[in-house]
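Colleague: Quick one: the structure is below, and I'll ask about it shortly.
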Amino acid sequence: MLYDESRILCGKCGADASSVIDPQSKDIVTCTGCGRQDRFDSVVKAVAGFHQEAMKQAAADAMARAFRGSKGVVFTPGRIEKMSFRWVPSRKVS
Ligand SMILES: [Zn+2]
């Protein structure tokens, strides 16, 4: 799954986040939709967490597919809780 790294979206309303050009950790990121604000470093953390969860989910799905149809092996991937993230990366449109 590909994400457009240049765009960050609000995790609540899905609108674009806006900030200064080349933001530093103390700079404020504002949602253009609902006006939610966060420090840039918090936004980075949220997006990194999102990527991590997405990767875990992808790995679990791949494992489940690999074991599907093989006799005698039962693999039940733990359901990864879909966390709600304050900020998410924008999915790349191809
Ligand atoms: Zn918003």
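Colleague: What whole-number volume per residue, in cubic angstrom, does the convex hull of the C-alpha atoms of the range 7-68 give? All intermediate terms of the calculation are to be shown ahead of the outcome.
Modeller: Numbers: hull volume 5.3 nm³, N = 62.
Looking at the range 7-68, the number lands at 86 Å³ per residue.
Colleague: In debye, nearest 20, what is the charge dipole magnitude of the range 7-68 about its Cα centre with +1 on Lys and Arg Cβ and -1 on Asp and Glu Cβ, if you could check?
Modeller: On the way: 9 positive and 7 negative charges, 54 e Å.
About 260 debye.
Quick note: the coordinates plus some simple rules give every number you see, no bench work behind them. Note that the structure is predicted; figures quoted are calculated from it, not measured. Counting neighbours? That spans all protein chains shown, and the Cβs are built from the backbone with ideal geometry, glycine included.
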